[in-house]
Structures are given as structure tokens and as C-alpha cells.
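As C-alpha cells, the structure follows; a few thoughts come after it.
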Amino acid sequence: MVQPRILILGAPGAGKGTQSAKIADRFDVDHVTTGDALRGNKEMDISHLDLEYDTPREYMDRGELVPDAVVNAIVDEALSQADGFVLDGYPRNLEQAEELEGMTDLDVVLYLDVSEDELVHRLTGRRMDPETGEIYHLEYNPPEDPAVEDRLVQRDDDTEETVKERLRVYRENTEPVIEHYEERGDLERIDGEQSPDEVWADVKETIEDAA
Ligand code: AP5
């Protein structure tokens, strides 16, 4: 396996973004993330699709899923340009999982397992450096440089109310996707409640074992 095709699954806040950055760096693959792609195109005009809202932002700020037609096109385009990838944030429902099967094969399917109380704590404490894109946590992983600390921002959807809605949407739509891969015997379950370095050690070993 020269350029692995990796899928990373997990609830909001499970650490997918944190681990995907390390995977992309270590295995020299593209980090394909629907969350970042949609955040970069929040005001995209999707009114021609005649859906409930006219931009991705209106779905995201409510913690709801952006419609499949929008997200499938983003992933299809990104995967067609990547030799190897770590796919983060997709598929989020069974229809997207089926769509993905028509786009590519996968070498490894990772699942970061984290309890719900911990997820809420991680998301409400998450902050991002707008200059570097680096992810921090006020308690678990604060920046050392006070200048960085002063410029940290919170994601619009990391408020407690929206986090609860995102977790509800995850249970309803995405847990069946986890079960789907588990039933196929493809799912590599990783204890996501360990420290980031311990999670990374397990992630790295799992990918290397699949090579
Ligand atoms: P998206 O951006 O994909 O958000 P998410 O899946 O909710 O995941 P997060 O980015 O919140 O969490 P993460 O698992 O990456 O955790 P992180 O590493 O940052 O999606 C946002 C929205 O876009 C959706 O709500 C939806 O509207 C839309 N969308 C996206 N994809 C879509 C799709 N396919 N279909 C439809 N709509 C879609 O870590 C979290 C925090 O914990 C950080 O502060 C970090 O420092 C800390 N942390 C990480 N690991 C550890 C650890 N081991 N121990 C302690 N702290 C840790």
C-alpha cells in the first residue's frame, strides 16, 4: 500500500481533525475534510437546488447536515484528485456511504470511540488559531505563546446548544454508518479517550498493519 486510502469515523469532537492532520503528514496523503470544505464555502449559493435553505451556513449554524447533493459533489471532486487520502467528516449517513462506495475503495476504516460527556467537554473547550489553522483546547491543549492565546477563536457551531444538536444528528444519521462498516468487518475501533499521543500511536500502528 503506497498511498493509503483511509476513512476516519467518529462523533463530533472525537478527534478526527487532530488525528487526520498527523495521518496526512506521516503517510503523505491528502486530508479531505467536508467540514473545512463547507466552512470555506459557507455562503455558497445553493438556491438552484430548491432545498430548505439557500447556503451551507444555514444548515451548519443549526448543527444540521448539509444536503447530500452538495456534499457528495465536494467529496467526489476531492477524491478524484488524490492518490491517497484521509477522508474526515464523510459519510455521515447511509446514503453518503453508498455514494462513497461508487467513488473509491478503502484500505482502512478507523473509528475513534469517545463517550458523549467527553465529546461535549472537548467541543465547548475547542479553540482555533485563525492564522495557522491549529486546533487547541482551553484545558487539554492550550497554546504556550500568549500571543496565540489572545487570537484564538471558537467555531460558530461549538456552542453548547449547537453541540447537543450535532450529537443528536450524529446518533440518528451517522451511528448507522458505523454499524454498516462494523457488520462488514471493516471497522478498526480505537480508544479515542486516551491522550492525543496515545491515540496517534494506535492510529499509526493500525494503518501500518493494513499496509
Ligand atoms: P465537521 O467539521 O466535520 O465537524 P464534526 O464531525 O462535528 O467534527 P469536529 O471537527 O467538530 O470534531 P473532530 O472529531 O474533528 O475533533 P477535533 O480533532 O477538532 O462538520 C461541521 C458541520 O459541517 C456539520 O455539523 C454539518 O453541518 C456539516 N457537514 C460536514 N460534513 C458533512 C457531511 N458529510 N454531510 C452533511 N453535512 C456535513 O477535536 C475536538 C477537540 O478535542 C479539540 O479541541 C482537540 O484539541 C481536543 N482533542 C482531540 N483529541 C483529544 C484527545 N485524545 N484528548 C483530549 N482532547 C482531545
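Just a few scattered comments:
- Charges were assigned to the Cβ only: +1 to each Lys and Arg, -1 to each Asp and Glu. The resulting dipole of the stretch 99-147 about its Cα centre is roughly 220 debye.
- Between residue 58 and residue 25, residue separation times 0.36 nm minus the direct Cα-Cα distance comes to 8.6 nm.
- The residue among 47, 11, 23 whose Cα reaches farthest toward the positive pole of the charge dipole of the chain, with charges on the beta-carbon of Lys, Arg, Asp and Glu, is 47.
- Helix runs (DSSP H) in the chain reaching 24 Å along axis by Cα, Kyte-Doolittle at least 1.0: none
- Counting Lys and Arg as +1 and Asp and Glu as -1 over every other residue whose Cβ lies under 13 Å from the Cβ of residue 162, the net charge comes to -2.
- Approximate spin-label separation residue 3-residue 152, in nm, with each point projected 7 Å along Cα-to-Cβ: 3.6
- Only Lys, Arg (+1) and Asp, Glu (-1) charged, at Cβ; the stretch 1-96 dipole about Cα centre in debye: 560
- For the chain, the dipole from Cβ point charges (+1 on Lys and Arg, -1 on Asp and Glu) about the Cα centre works out to 200 debye, to the nearest 20.
- GNM flexibility winner over the chain from 104, 18, 33 (Cα, springs under 10 Å): 104
- Fraction of beta bridges assigned by DSSP in the chain that are antiparallel (%, nearest 5): 20
- Spin-label pair residue 205-residue 168: with each label point 7 Å from Cα along the Cα-Cβ axis, the two points sit 3.9 nm from one another.
- Exposed loop sites here are GluC sites (Glu not before Pro) assigned a DSSP state other than H, G, I, E or B and surrounded by at most 11 other beta carbons within 10 Å; excluding them, the longest clear run of the chain is 53-130.
- Label positions at residue 179 and residue 69, each projected 7 Å from the Cα along the C-beta direction, are separated by 2.9 nm.
Bear in mind that the values in this text are calculations on the coordinates, not laboratory data. It should be emphasised that the depicted structure is a prediction, and the values quoted were computed from it without experimental measurement. Note that each Cβ is placed from the backbone with ideal geometry, even for glycine, and that neighbours are counted across all protein chains shown.
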